[in-house]
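The values are calculated or read from the model by the stated rules, or taken from the named source; none is laboratory data. Keep in mind the model is a prediction, meaning the values are calculated, not measured. Here the Cβ positions follow ideal geometry from the backbone for every residue, glycine too, while neighbour counts run over all protein chains shown. These accessible areas exclude ligands, DNA and RNA; they are computed on the full protein's heavy atoms, side chains included. Shrake-Rupley method; radii C 1.70, N 1.55, O 1.52, S 1.80 Å.
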Amino acid sequence: FPMIETAEQAEKAVASTRYPPHYRENSGIRGCAHPFVRASSYGSDEDYFPLHSNQDLLTILQVESEAAIENIPEIGMVEGVDAIFLGPFDISCSVNQVGEFGATSDVMQLIRHAERLVRETDDRKRDLASQSTRKEYPNGLILGGFRPPLRSLQEMFSTEVGYQFICGSVDLGLLRKAAYSDLAESQQ
C-alpha cells in the first residue's frame, strides 16, 4: 500500500486485505472468492478459508515521507502489518531535496533514521510475541525498499542495516535502458 502516513491508515490498509469474520470481530472488508482460487486448491481445500486465508498474507506498507517515517513505530505495531517498504525518491521529495542521496545528505540521514525505527519496531514486535499467548506479531517487522542511487546492496542487506528485500530496478528504468539500447543499435 503506497503513501501510508499514520497508524490509522495502516489499520485501514490491513483491514482491506482481511476476510470477515476472522479479523477483529467482523472488521475485515475483503470479498470472498476462496472456492475459486489456487490457494484453496480451487475449493478442494475446505480448511483454507477458516484456517489460513488471513494468515497466508504479506501486508507491505510503503513509507514515503518524513512525517510517515516519524510514525513508523506506531504504523509497524499495527496488527497485520508485515513489512515497511521505504521509497527513497518520495522521501527525498518530501524534504524538498529530490534525488540527493549522497552518503552524508539529509535524505540519507532520514532514510537511515527510518531503517533504525523499523529495526527497533521489529524488536518490539518480537518481544511482545515472545510474551504473548496470542499470535499478533509472529514474524516481527520486515524492512524493504527501493535501492537509492550510490548505495550498495551489501550495505543494505548487512545485519547492521537489515533489509530483507530490495527492489533494485523499477519498470520505467528497465524500459528506458532497453529503449536506449535499441536506439543505439539502430544507429550503428
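Scan the range 90-99 and tell me whether some residue there is touching a Leu at 6+ places or on another chain (Cβ under 7 Å) and either farther than 29 Å from Leu57 by Cβ or assigned to a strand (DSSP E or B) (or both).
Yes, the conditions are met somewhere in the range 90-99.
Mind listing just one residue for me: the one in the range 114-145 that is open to solvent by 100 Å² or more (accessible area, probe 1.4 Å) and assigned to a helix (DSSP H, G or I) and, of those, modelled with the lowest pLDDT?
Of everything passing the filter in the range 114-145, Gln131 is modelled with the lowest pLDDT.
Consider only pairs whose beta carbons are under 9 Å apart and that are at least six residues apart or on different chains; among these, list those whose first residue lies in the range 170-188 and is over 19 Å from Asp90 (Cβ atoms) and whose second residue is modelled with pLDDT under 90.
Between residues of the range 170-188 that are over 19 Å from Asp90 (Cβ atoms) and residues that are modelled with pLDDT under 90, the close pairs are Lys177/Ser169.
Output the residue which, of all residues in the range 70-113 that are of a type in the set (S, T, N, Q) and buried (at least 17 other Cβ atoms within 10 Å of the Cβ), is nearest to Arg147 (Cα to Cα).
Ser92
From (1) touching a Phe, Trp or Tyr at 6+ places or on another chain (Cβ under 6 Å); (2) at pLDDT 75 or above; (3) open to solvent by 50 Å² or more (accessible area, probe 1.4 Å), pick out the condition that doesn't hold for Gln62.
If we test Gln62 against (1) touching a Phe, Trp or Tyr at 6+ places or on another chain (Cβ under 6 Å); (2) at pLDDT 75 or above; (3) open to solvent by 50 Å² or more (accessible area, probe 1.4 Å), just (3) comes out false.
Residues of the range 99-113 being in contact with a helix residue (DSSP H, G or I) (Cβ under 7 Å, 6 or more places away or on another chain) and at pLDDT 95 or above, which ones?
Val107, Leu110, Ile111, His113
Filter the range 146-188 down to the residues that are part of a loop (DSSP other than H, G, I, E, B) and open to solvent by 50 Å² or more (accessible area, probe 1.4 Å) and list them by number.
Selection gives Arg147, Pro149, Leu150, Thr159, Glu160, Gln164, Gly168, Ser169, Val170, Gln187, Gln188.
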